[in-house]
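K.L.:
Shown below is the structure under consideration.
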């Protein structure tokens, strides 16, 4: 959807993909998809994914400690520590809880007889009726998810549901162990099966549409995902569930289907209800750009970046919109602001040099033959920080040659267009910068 989406892999598309994984609690995939991307949005996705992995291991550790399996609990605490980003006390509190449970646990010789069947969340015992054997463990209650053993994947589902808004949480938890088992299929990589098995629940409990939408999106069934989430939003009102706003989720689903205007209508309506919600406003700016409403997208991003000045993606969005509107000097100014915010040297700031912003700015300086010294600085930074070099980097190098006045522009153009199809938009870019090559 961005200006360079046909030149290099689009960071915006990669971020949307990573956000989709995060929405579906596929934390490893979300982390990997956001790896190497710049900007606050990608940074927040990586952080949320790592926090999700940490929390899963914390929950597992506490469940195992309640079951008196302290060695396994310690292993999960160590895993949780490897994912911890700091900034809150969850891991410290989990360690304290495991220590407390270890301290009050009966001696090892008494555990099997007295505690082996205890519920991970309290209650229950090894004997369920008079005369039952000391080693006999009661069957878990399918209607009480907290009675499940700590290694049961449905327990992890239940703990995740605990983070949902109250009304949604209570409705879904009440559906019991069988329902939780279906949701566990999504995280196991079987979302299509989950869609089929969730369908019978819809008529009696409309709240299930949210989970079927989540499963359908993971299965690539976007029309069903959009329909379910739209209906759910009408019934319960769009809100933040987990780490993502459901109106933004719906807008992204529509955008993935090419229904950009529908997605835009969803976020505009919700922003009127929640004007301060940053995720919605960022999605709104992205969709405004995608439908060609560049000045509006620029304005939304400009106001938002004043609240989150470290979000480099917003600066790039503004620059693209200004370039589309012929405001090249204004585009240069916003890109320079972006690079100053994260350190123009790429070494002194808290974030690395923004290679994509550097490429955009170098293009503007080189195409317009402005400030050759600054253009040379940017080319050095790009070469030192880019993980991969592609066609667009060759285009920038060709512009440097063109500007030297010693190169054959026709030869440069011809070399750039080797293997480029007649209808490829790169041809227009090359023609504008170098003139029509004689052998294209």
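K.L.:
Taking the number of other C-beta atoms within 10 Å as the exposure measure, put 157, 98, 240 in order starting with the fewest. Don't skip to the end; give the middle numbers.
P.N.:
Working: 157 26, 98 21, 240 16.
Least to most surrounded, the residues fall as 240, 98, 157.
K.L.:
In percent, how large is the relative contact order of the range 238-291, given Cα pairs closer than 8 Å and 6 or more residues apart?
P.N.:
Relative contact order for the range 238-291 comes out at 33 percent.
K.L.:
Now for a different question. Quick one: compute the contact order of the range 164-311, relative version, from alpha carbon pairs under 8 angstrom and 6+ residues apart, as a percent.
P.N.:
Worked out over the range 164-311, it gives 13 percent.
K.L.:
How much length would be gained if the chain were fully extended between residue 170 and residue 370, taking 0.36 nm per residue of separation minus their Cα-Cα distance, in nm to one decimal?
P.N.:
65.8 nm
K.L.:
Multiplying the sequence separation of residue 95 and residue 261 by 0.36 nm and subtracting their Cα-Cα distance, what value in nm do you get?
P.N.:
54.9 nm
K.L.:
Quick one: if you stick a label point 7 Å off each Cα along the C-beta vector at residue 196 and residue 75, how many nm between them?
P.N.:
If labels sit at residue 196 and residue 75, their model points lie 3.4 nm apart.
K.L.:
Can you compute the modelled spin-label distance between residue 428 and residue 296, with each label point 7 Å from Cα toward Cβ, in nm?
P.N.:
Inter-label distance under the simple model: 2.2 nm.
K.L.:
While we're here: Find the relative contact order for the range 11-93 and round it to a whole percent, using C-alpha pairs within less than 8 Å whose residues are 6+ positions apart. Show your work: numbers first, answer last.
P.N.:
Values: 92 pairs, mean separation 18.6, N = 83.
Result for the range 11-93 is 22 percent.
K.L.:
Continuing with this model, one more query. Just subtract the alpha-carbon distance of residue 278 and residue 308 from 0.36 nm times their residue separation and send over the number in nm, one decimal.
P.N.:
Here the segment from residue 278 to residue 308 would lengthen by 9.9 nm.
K.L.:
When 44, 211 are ordered from fewest to most other Cβ atoms inside 10 Å of their Cβ, what list results? List each step's numbers first, then the result.
P.N.:
Details: 44 18, 211 25.
Sorted ascending by nearby Cβ count, the order is 44, 211.
K.L.:
For residue 188 and residue 391, what is the calculated FRET efficiency with R₀ set at 35 Å and r taken between the beta-carbons, to the nearest 0.05?
P.N.:
The computed FRET efficiency comes out at 0.30.
K.L.:
Label residue 35 and residue 409 with points 7 Å out from Cα along Cα→Cβ: what is the distance between them in nm?
P.N.:
Simple spin-label model gives 4.4 nm for this pair.
K.L.:
Once each part is reduced to its C-alpha centroid, what is the distance from the range 353-423 to the range 238-311 in angstrom?
P.N.:
32 Å
K.L.:
Further, regarding this structure: In what order do 273, 62, 182, 268 fall by count of nearby beta-carbon atoms within 10 Å, going from fewest to most?
P.N.:
Sorted ascending by nearby Cβ count, the order is 273, 268, 62, 182.
Every number here is computed from the coordinates shown, using simple stated rules; none is lab data. These figures come from a predicted structure and were not determined experimentally. Don't worry about glycine lacking a Cβ; one is built from the backbone with ideal geometry, like all the others, and counts go over all protein chains shown.
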